[in-house]
Every structure is written in C-alpha cells, then in structure tokens.
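The values are calculated or read from the model by the stated rules, or taken from the named source; none is laboratory data. This structure is a prediction, so every number in the text was calculated from the model and none was measured. Cβ: placed from backbone, ideal geometry, glycine included. Neighbour counts: every protein chain shown. Quick note on the areas: whole protein, heavy atoms, side chains included, nothing else; ligands and nucleic acids left out. Shrake-Rupley method; radii C 1.70, N 1.55, O 1.52, S 1.80 Å.
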Amino acid sequence: MKDKKFSRLLIRNSLMILVPPVAAIFMVVLVAFRMSNLREYNTYRLDSLDNLETYINSYMLNVSYDASGLKPAGYDYTVDGKKQGEYYYIYQNDHVWLFALNDSGIEKLKNGDTLLNFRITTDDQVVKHITLDLTKSFETNEDNLKGFINPVILNQFEYPFYKIITMRAMLYGGMALFAVMFLYTVLVTLFPSLCSDAAKLSKYGKRREIIRQINEELKDKLLYHEEDAYVTENYLITYLGNGIQVVKLDDVKYLSKHIEDKRGLFSTRKIYKLTASNVDKLYYEHEFLDEEVIDNIIYYIRRDDLIDETEEIERNSESDEPDSEINEINSESDDKAETGTEPDTDENEDADSASDADVTSEDVSESDTDEN
C-alpha cells in the first residue's frame with residue numbers, strides 16, 4: 001500500500017464518509033442498550049398470580065402469563081364508548097383475578113396459544129362496577145364481596161408492545177449495521193475497487209486496471225500536486241470532502257477558470273473555479289482557494305499543446321529565413337531597375353578612365369604613321 005497513493009485516497013474517503021453514520025448509529029445503539037436495561041422495556045415471566053405484589057414492588061410490570069385457565073367475565077372492554085376487547089377472569093385462592101384481552105389475545109386463546117403478554121395495572125372503578133353487578137346477582141351486599149375481586153388487572157391494552165419492539169429494533173438493527181460497516185471497511189481496505197468512488201472509473205475501463213494505472217502515475221509520472229489536486233501524465237485527480245473526482249485528460253476539450261464571490265456568514269471571499277468539459281463525455285467543476293493552483297493545473301494539462309505550438313513556431317521561423325534572404329536580393333534588384341544606375345559608382349569611373357586612355361594611344365599611333 002506504500003506505493004498505492006490513489007488506493008489510499010479511495011480507502012480514506014470511503015472511511016471518512018462512514019464516520020457520520022457510524023457516530024449516529026453508535027448513539028442509537030447506546031440509547032437502545034440503556035433502554036434495554038430498564039424494566040420498562042423488559043418482559044418478565046409470571047408463573048403465579050400470588051407473586052403479583054412482588055412484581056409490582058420491583059416495578060416488573062410487563063409480564064407474560066399462561067392464560068389457559070381464563071374464562072369470559074361477560075364484560076366488554078371499551079374505549080370512548082367503543083368495544084375494544086373483553087374481560088376474562090380466573091378464580092384462584094378464593095379470589096377473582098381480572099384480565100383485559102384484546103381481539104388478538106382472544107383469538108390466540110381460542111387457538112390454544114395461551115402464553116400472552118400483559119401489563120400489570122389497577123383499576124378500582126372497573127372492580128367496583130363488577131362487584132356491584134355481582135351483589136345484585138347474588139342478592140348480597142357489597143361488604144360481603146369486598147376483596148373478593150382483586151383490584152389488580154392484567155391488561156393487554158396497556159402492554160408497551162411498540163415501545164419494546166422499537167427498542168429491540170434499534171438495538172439489534174444498530175448492531176447489525178455495525179457488523180455490515182465493519183465488513184465493508186475490511187472489504188474496501190483489501191479491495192479498493194469496491195469503494196463507491198471507484199464505481200465512477202468504470203467509464204474508463206476496468207476499475208482495478210485504472211486504479212493500478214493511476215497508482216503508477218502518481219508514483220512515477222506525477223506532474224503537479226497542490227492542495228487536493230494531482231495532475232499526472234493522463235489524469236487529473238481532485239479530492240473533495242464528499243468524494244474523489246477523476247478526469248482523463250484525453251477527454252478534456254475545454255478548460256476555463258471562473259472567479260466568484262462567495263458570501264459567508266460574516267464575510268465574502270473569492271472562490272476560483274476550474275471547469276473542464278467535453279460535450280460528449282464530461283463536465284467537471286472544482287473550487288480552489290488559490291488562483292495560482294488553477295493556472296498551474298491548466299498549464300500542465302495543456303503543456304503538450306503548448307510544446308507543439310512552440311515547436312511549430314520554431315519550424316516556421318527556420319523555414320522563413322532563406323525566403324527572407326531571397327526577398328532581400330530581389331528587393332535590391334528592383335531598386336536598381338528603377339534608378340537605372342549600377343550600385344558600385346567607383347568601378348564605373350575606373351572603366352571610363354581606361355576607355356579614355358585607349359583612345360589617346362590610338363590617336364598618337366595614327367599621327368606617327370602620317371609623318372612617315
């Protein structure tokens with residue numbers, strides 16, 4: 001991993017993305033764990049109704065009880081005048097115990113599923129009402145039936161089913177998510193191509209091959225690095241807080257720089273944006289705090305074009321030198337034709353003098369001949 005800088009970037013970014021959700025899940029699991037230790041969110045097995053007083057004193061109010069011996073009491077359980085269930089009873093140890101069952105509990109009881117969940121409650125009004133009915137039925141007074149019906153009622157409607165199931169979902173669900181995240185961390189560490197940012201590389205080829213190539217270029221062919229930007233021979237890599245962007249330089253057709261004023265809470269600062277685009281293949285935009293970084297990135301991305309342009313200019317200048325000499329000679333010839341004179345006047349004067357000397361010698365020879 002020492003020479004795999006891009007792989008490290010992928011892994012680091014993947015792990016950084018996991019930090020907020022892991023922190024949130026940790027808090028949820030912690031809260032659920034603390035709740036699971038509260039008796040309010042636990043259910044205890046009640047084997048005998050004689051132990052109800054102990055359960056109440058210990059605040060162990062959520063119980064499961066084998067209701068196989070229950071019988072209908074002939075009274076409806078109503079809420080706001082609407083029937084929601086029925087009262088059942090059991091006669092045990094010279095006492096009547098009341099149970100409030102919902103429709104689901106009644107159905108389970110009929111099907112032989114007798115282990116039901118209840119909340120231990122008290123309801124003096126209900127007990128008093130049923131006691132008065134019994135006094136009329138047995139033609140006796142209320143004092144004779146006092147204490148005959150136990151004021152404690154095992155109530156299915158008060159059982160905190162949703163609170164308990166929510167707590168368990170938070171606890172076990174959070175622990176399951178922790179396990180999944182741990183497994184994901186191990187996998188992306190061993191196989192960086194599984195990182196979410198690596199999925200974007202599929203458009204350039206096989207992920208593993210592209211990651212290997214970028215690793216090699218960051219090691220041996222790195223042209224420029226500043227802040228969170230890397231320019232290699234074939235790629236531009238920028239690291240963001242929420243991801244890694246990779247641009248293949250061959251796909252870049254247009255490069256531009258933009259300056260914007262970004263308003264903060266107390267001040268305004270300049271933001272420099274680099275835009276790389278190609279109508280058919282990509283659109284890339286990244287913000288930098290330093291304008292010079294963008295200028296350097298543009299330079300290194302366009303360096304080959306600049307070199308080609310420079311070489312072409314040099315080749316053109318070299319090929320233009322012979323032409324310039326010929327043009328200079330032609331220019332001088334044109335000047336001579338226009339003036340009708342030779343360029344070297346001293347040589348013309350010497351030629352005229354020699355011609356005069358020849359004429360004089362001829363004249364002398366002719367005079368000598370005549371005399372003879």
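Residue by residue, what Karplus-based ³J(HN,Hα) values in Hz, rounded to whole numbers, does the stretch 59-64 have, using 6.51, -1.76 and 1.60 with θ = phi - 60° and x for Gly and Pro?
Residue by residue, the stretch 59-64 yields 6, 9, 8, 9, 10, 10 Hz.
Residue by residue through the stretch 90-106, what is 3J(HN,Hα) from phi via Karplus (6.51 cos²θ - 1.76 cosθ + 1.60, θ = phi - 60°)? Round to whole Hz and write x for glycine and proline.
Per-residue couplings from phi come out as 9, 9, 8, 6, 6, 9, 9, 10, 9, 10, 9, 10, 7, 4, 5, x, 4 Hz.
What net charge do the residues around Phe118 carry, taking every other residue with its C-beta under 12 Å from that of Phe118, with Lys and Arg at +1 and Asp and Glu at -1?
For residues surrounding Phe118, the net value is 0.
With the dipole of the stretch 127-284 worked out from charges on the C-beta (+1 for Lys and Arg, -1 for Asp and Glu) around the Cα centre, which of Val279, Ile210, Leu154 lies farthest toward the positive end?
Val279
Leaving ligands, DNA and RNA out of it, report the carbon-plus-sulfur percent of the accessible area of the stretch 64-141 at a 1.4 Å probe. Display every interim value, and only then the final one.
Numbers: 2020 of 4670 Å².
In the stretch 64-141, the share of accessible area belonging to carbon and sulfur is 43 percent.
Put +1 on the Cβ of each Lys and Arg and -1 on the Cβ of each Asp and Glu in the stretch 1-91; which of Tyr77, Ser7, Tyr65 then has its Cα farthest toward the positive end of the dipole?
The one lying farthest along the dipole's positive direction is Ser7.
Within the stretch 146-182, which trypsin sites (Lys or Arg not before Pro) sit in a loop by DSSP and count at most 10 neighbouring Cβ atoms inside 10 Å?
Those that pass, being in a loop and sparsely packed, are Lys146.
For Asp123, what residues show an amide H to amide H distance below 5 Å, using hydrogens built from the backbone and excluding near sequence neighbours?
Ile153
Using the Karplus curve 6.51 cos²θ - 1.76 cosθ + 1.60 with θ = phi - 60°, work out ³J(HN,Hα) for each residue of the stretch 27-32 in order, rounded to whole Hz, and write x for Gly and Pro.
5, 5, 5, 4, 5, 5
Where Lys and Arg each count +1 and Asp and Glu each count -1, what net charge lies around Thr268 among other residues with Cβ under 13 Å from its Cβ?
After counting each charged neighbour, the total is +2.
Kindly rank 118-130, 74-86 from highest to lowest mean number of other beta carbons found within 10 Å of each residue.
Highest to lowest by the protection proxy: 118-130, 74-86.
Would you please calculate the Kirkwood hydrodynamic radius of the stretch 77-176 over all C-alpha pairs and express it in Å, rounded to one decimal? List each step's numbers first, then the result.
Values: mean 1/r = 0.0641 Å⁻¹.
Value: 15.6 Å, from the Cα pair sum.
With the Cα gyration tensor of the stretch 1-105 in hand, give its eigenvalues times 5 under a square root as the equivalent ellipsoid semi-axes, listed largest first in whole angstrom.
54, 18, 11
Let's see if you can work this out: charge +1 on each Lys and Arg Cβ, -1 on each Asp and Glu Cβ, no other charges. What is the dipole magnitude of the stretch 140-230 about its Cα centre, in debye to the nearest 20?
So the magnitude is around 460 debye.
How many Å² of accessible area per residue for the stretch 135-257, probe 1.4 Å?
58
Given R₀ = 45 Å, what would the calculated FRET efficiency be for Thr131 paired with Val22, taking r from the Cβ atoms and rounding to 0.05?
0.20
Where does the charge balance sit around Asn62 when Lys and Arg score +1, Asp and Glu -1, over other residues with C-beta under 12 Å from its C-beta?
Computed value for this residue: +2.
Name the lysines eligible as straight-distance cross-link partners of Lys108: C-alpha to C-alpha under 19 Å, and not fewer than 8 places from it in the same chain.
Output for Lys108: Lys71, Lys83.
Please calculate how many Å² of accessible area the stretch 1-110 carries per residue, with a 1.4 Å probe and no DNA, RNA or ligand atoms counted. Mind showing how you got there, number by number?
Values: 6450 Å² over 110 residues.
On a per-residue basis, the stretch 1-110 sits at 59 Å².
What lysines could a cross-link reach from Lys262, if we take a straight Cα to Cα line under 26 Å and drop same-chain neighbours fewer than 8 places away?
Cross-link targets: Lys270, Lys273.
Assuming R0 = 51 Å, what is the FRET efficiency of Ser68 and Met181, from their Cβ-Cβ distance, to the nearest 0.05?
0.65
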